[in-house]
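Have a look at the structure below before the remarks.
What follows is calculated from the coordinates using simple rules that are stated; it is not laboratory data. None of these values were measured; they are calculated from a predicted model.
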């Protein structure tokens, strides 16, 4: 624990398939039509939406993966840093940093936007964004898109149309969003993912 800035909470998710992304260098990322989810400028894991980030692992289902989150500075950028060892023993296999998109457990209508944009720094591994809506009735259900986090700050766009349902048949309804997660999942590896900005874009 570093000054009480790391927090781990057990959760339950499953394993998904890879989607399609659009990525470009950081200097080309400036956009006006956006809604900030977080730039990690606040303390105590409080997002720009007023909700709190939590670290989640597979331990609730008997897994042994370890999740750690902290807010820190990497290459002069304030960020959320997700690290830990993803293990697949005991039907496990994921860690994540998760955020409710509205306070009081209300739904979030993202119909004015086209997708999720994030500024990331990683270890050249595959990671995922998971969205949950009112249509996700089971802990393992979600809508998933995937990306490679390069070992440099860069911007990635994940259009909503590329989020695929996992273990449910209902298509993604972006008027009924509840939660977003930054996820390391599906195989044994050491996760090291930093996010300095995450937003919805038009």
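Summary of computed values
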item: Fraction of alpha-carbon pairs over 16 Å apart in the stretch 160-202 - percent; result: 56 percent
item: Mean separation of Cα contacts under 8 Å, 6 or more apart, over the residue count of the stretch 72-202: relative contact order %; result: 42 percent
item: Rg followed by Dmax, in Å, when the stretch 95-160 is reduced to its Cα trace; result: 13.4, 37
item: The stretch 8-201: antiparallel DSSP beta bridges as a percent of all, rounded to 5; result: 95 percent
item: Scattering profile of the stretch 8-201 at q = 0.14, 0.15, 0.16 Å⁻¹ [log10 I(q)/I(0), Debye over alpha-carbon scatterers]; result: -0.73, -0.85, -0.99
